[in-house]
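Worksheet: the structure to be examined is printed underneath.
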Amino acid sequence: MINAKERHRLRQFIFELEKIKGRHTELVSVYIPAGYDMIKIIQHLQQEQGTASNIKDKNTRTKVIDSIEKMVQHLRLFKSTPKNGLAVFSGDASDKENKIDIKVWSIEPPDSLSIRLYRCDQTFLLEPLRSMIEVKEVFGLIVLDKREANVGLLRGMNIIVLSSMTSGVPGKTKAGGQSQARFARLREEATHDFFKRIGEVSNKEFLEKPEIKGILIGGPGPTKEDFVNGSYLNNELKQKLLAVKDISYTDEFGLHELVDKSHDVLAEEEISIEKKLVQRFYEMLAKEEEKTAYGYKETKKALEIGAVDIILVSDNFTEESIESLEIEAEKYKTEVRIISVETREGKQLKDLGGIAAILRYPIK
């Protein structure tokens, strides 16, 4: 699985290329698989260059030939194909009709490329790279009590609500004219019906998603155990059950609380690590403010004197800004963590300026 830093770098690369639009089929995309002979790729491109001389439109013909030539020159700089392969793109980056600016971009992707491809089009072919930044690890979430339930997904950093339900279970106070035993039986039947509904929704949502790695269930009191121990969840899903957690809420906030309470089983997942780091920063901001810094100017100043232990940077920062921080951080063995803006904690950090630091010692 690619890490947050690799994902951010790839996302920035894709974002830059998405902005380039050709007027005709003039933008060249080439994917070179891991282990493939670079010389063969260059020979193939030279053949395509010859074919491009047959393009009727003079402007398009010139751009395609020049783009391939620039790409060939770039590929000659490589002694061999990088370990994970190479994605290369070339075309006119100018947004002015009377000006041509042929550029070439390349990246060794974080995952191994298995496809060999040459394409000319009005946009660069970026799908193989986009698929690499899609989070592949997914967890199912269920929070419930006898009043309401929410079913959701934890996909990478993002918590997604799939279904919200309320029950028809009567309150604990017995209605007038009913015996205690009859009232208890009605409550039990209504609870059973509600659990069936939760199970049906969960089975439908989760069984359609084979990528789900595990299931987390939470709720207050013993209700969640009654649901788990009943025959409401499909056996295939029961085998994926990772944890049953005591939580206070069963609404959308409860889904977040369930993830927070499941750090022990999500310890290796990036969302857990990121949440803990941001939470640690805010705790220190409240208790030991002099050992924190936030905002680009203040954080950079603390970094330049070697006072920073960990820097937290929002993933909407530019690649150049992050690289600049990493170069400085390396001098002092400072850890740089890129924080997704998709979590509540990540949004808090973004609102704070997108950058914060936990210091080794007070500087105020």
Just give me the residues in segment 133-173 being modelled with pLDDT of 75 or more and of a type in the set (S, T, N, Q), in sequence order. Asn150, Asn158, Ser163, Ser164, Thr166, Ser167
What's the number of the condition Leu154 fails, among (1) surrounded by fewer than 18 Cβ atoms within 10 Å (Cβ to Cβ); (2) under 31 Å from the mean Cα position of the chain (by Cα)? (1)
Taking the conditions exactly as written (over 20 Å from the mean Cα position of the chain (by Cα), assigned to a loop (DSSP other than H, G, I, E, B) and not basic (Lys, Arg)), does Ile115 satisfy them or not? yes
Regarding Ala293, is this residue over 27 Å from the mean Cα position of the chain (by Cα) and crowded, with 18+ Cβ neighbours inside 10 Å? no
Quick check on my filter: what residues within segment 32-88 are surrounded by fewer than 15 Cβ atoms within 10 Å (Cβ to Cβ) and outside any helix (DSSP H, G or I)? Gly35, Asp37, Ser53, Asn54, Lys56, Asp57, Arg76, Leu77, Lys79, Ser80, Lys83
Could you list, in sequence order, the residues of segment 14-28 that are under 25 Å from the mean Cα position of the chain (by Cα) and buried (at least 20 other Cβ atoms within 10 Å of the Cβ)? Leu17
Of the conditions (1) within 33 Å of the chain's Cα centre (by Cα); (2) of a type in the set (Ser, Thr, Tyr); (3) under 12 Å from Glu26 (Cβ atoms), the single one that Ser80 does not satisfy is (3)
Give just the number: which of (1) β-branched (Val, Ile, Thr); (2) in contact with a Lys or Arg (Cβ under 9 Å, 6 or more places away or on another chain); (3) surrounded by 15 or more Cβ atoms within 10 Å (Cβ to Cβ) does Thr166 not satisfy? (3)
In the set Ser94, Ser112, the lone residue that is in contact with an Asp or Glu (Cβ under 8 Å, 6 or more places away or on another chain), surrounded by fewer than 17 Cβ atoms within 10 Å (Cβ to Cβ) and small (Gly, Ala, Ser) is Ser94
Top-ranked residue of segment 331-340 - restricted to ones that are of a type outside the set (Phe, Trp, Tyr) and surrounded by fewer than 17 Cβ atoms within 10 Å (Cβ to Cβ), ranked as nearest to the chain's Cα centre (by Cα): Arg337
Reported set for segment 323-346 where residues are among the charged types (D, E, K, R) and under 28 Å from Val259 (Cα atoms) is Glu335, Arg337, Glu342, Arg344, Glu345
I'd like to know if segment 174-193 contains one or more residues that are assigned by TED's automatic domain parsing to the domain that holds Val151, surrounded by fewer than 18 Cβ atoms within 10 Å (Cβ to Cβ), at pLDDT 95 or above and among the polar types (S, T, N, Q). no
Complete set of residues in segment 221-260 that are touching a Gly at 6+ places or on another chain (Cβ under 9 Å), within 14 Å of Glu148 (Cα to Cα) and not aromatic (Phe, Trp, Tyr): Lys224, Ile247, Ser248, Thr250, Glu252, Gly254, Leu255
For segment 179-196, indicate whether the set of residues that are within 31 Å of the chain's Cα centre (by Cα) and closer than 30 Å to Ile271 by Cα is non-empty. no
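The values are calculated or read from the model by the stated rules, or taken from the named source; none is laboratory data. Nothing here was measured: the structure is a model prediction, and the numbers come from that model. All Cβ positions, even for glycine, are placed from backbone atoms using ideal geometry, and neighbour counts span all protein chains on display.
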